[in-house]
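This report concerns only the one structure given below.
The values are calculated or read from the model by the stated rules, or taken from the named source; none is laboratory data. The shown structure was predicted, so the numbers you read here are calculated from the model rather than taken from an experiment. Virtual Cβ from ideal backbone geometry, glycine too; neighbours counted across all protein chains shown. Accessible surface is based on the protein model in full, side chains and every heavy atom, while ligands, DNA and RNA are left aside. Shrake-Rupley method; radii C 1.70, N 1.55, O 1.52, S 1.80 Å.
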Amino acid sequence: MGHNGEQRQWQRGAVMANDNPTHKLKVGDLAKIAGVSPSTVSKVINGRPGISDETRRQVEQVLREHGYSRPLVSTKLSPTIELVVEYIAHNGTMELIKYASHWAQQAGLAITVTQTNHGDATEDCFRGIIDRNPQGVIMQQMGGLTTQAKSLLKSRSIPVVIIDPIDTVDSDVMSVSIDNWTAGYQAGKHLLSLGHRRIAVIRGPANLQTSIARYSGFTVALQQAGVDLPESYIEQGDYFPAETSYEAACRLLELPDRPTAIFCCNDLSAVSTYRAAREHKIPLPKQLSVMGFDDIFPADQLMPSLTSVHQPFSEIAQRAVQMIIDNRNDNPGDMHVILPTSVVIRESTVPPQSSAR
């Protein structure tokens, strides 16, 4: 260990020896522990520029380790709401961006979008967010905030709303969800009401609560009707990319006793199923009914137009924006909101041919 490293280790030990729960460390003490100047610590605490990202991380780590919970003071609160998504694609993200922008504008705010690229460089993304210091953050379909990301947001007292969280959210994080279980149940009931009994399903990501809930509701609908769901009729798809669901649809359509209807847990999977049916020369909906989930573009433009479970993206965005505004105004309402869905019936689902029942 070099001389500077030894000195810093000695300084850390000396300060920690003097630390106790009733004595709040001063800026000078924190500076010694971090191995930086007191002015550098002051810049981090007060959110001022002029230091490197590496140094800022180093000082923030020391602040966290020593329970320094004072919110970092912002130089300016931005009139924006940050929308954080894993990727931008036609999987509901575009709808959310559109409606979030609309409702933010109604409140005199703007939406900025951060794409995390499936979680890569997430910490850097959140550092950029706190530098912009928005009114709040809306996160689409992501897991519970990492300790690091949550700490960064709490350091500026930035309220967070998670859309359709994939797992249990912390008590101080808000959420807006749809009733995914009932939605899956509605999908199953619709296909059963048409007379289908050979019904397959292309599931969404196995790690997402939304996907698990949709599948669970769907299976209960079939069980109540006494309709079997053999393992060969259950395929693992994905919300994005579409290729996974396309391959799943191909396997279903190549079965000797292929299904007469397929429920897809999002509309992109349904589009992939259309492609697979076309390549297998199976006419829709005459020989195969297809049902999607989300009711997003181009569901109503497909041939045949797609029956889908409608997600109320406008209301989801409106609730999320309002929750942030209410939180900023010290007027919080419900921390967790669950919205209903509905089935939009179009041309892609019809009764099975009598020979296929």
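Worth a mention:
- Only helical runs count toward this figure. For the chain, summing -39,500 (n - 2.57) over DSSP H runs of n ≥ 4 and dividing by all residues gives -13000 deg cm²/dmol at 222 nm.
- Relative contact order for the chain: 15 percent, from Cα pairs under 8 Å spaced at least 6 residues apart, divided by residue count.
- Taking the DSSP bridge list for the chain and keeping only pairs wholly inside it, about 10 percent are antiparallel.
- The dipole here belongs to the chain: it is taken about the Cα centre, uses +1 on the Cβ of Lys and Arg and -1 on the Cβ of Asp and Glu, and is about 540 debye.
- Summing +1 for each Lys or Arg and -1 for each Asp or Glu among the other residues whose beta-carbon sits under 11 angstrom from that of residue 297 gives -4.
- Residue-wise HN-Hα coupling along the range 318-331, computed from phi with Karplus coefficients 6.51, -1.76, 1.60 (Hz; x: Gly, Pro): 4, 5, 5, 4, 5, 4, 5, 4, 4, 5, 5, 8, 6, 10
- Size descriptors for the range 27-66: radius of gyration and Dmax over Cα atoms are 8.7, 24 Å.
- Modelled FRET efficiency - R0 35 Å, residue 223 with residue 354, Cβ distances, 0.05 increments: 0.90
- Cα coordinate range in the range 214-338, projected on the principal axes (Å, largest first): 61, 33, 23
- Correct choice for percent of Cα pairs over 28 Å apart that was computed from the model, options [x] 39; [y] 48; [z] 52: [z]
- Within the accessible area of the chain (1.4 Å probe), percent carbon and sulfur: 50
- Positive-end extreme of charge dipole, the chain - chosen from 266, 343, 109 (charges on Cβ): 109
- Computed label-point distance, nm, for sites residue 347 and residue 251 using a 7 Å Cα→Cβ extension: 3.1
- Gain on full extension, evaluated as 0.36 nm per residue between residue 243 and residue 37 minus their Cα-Cα distance, stands at 68.8 nm.
- Where Cα atoms sit under 22 Å apart: lysine pairs in the chain separated by 8 or more or lying on different chains: 12
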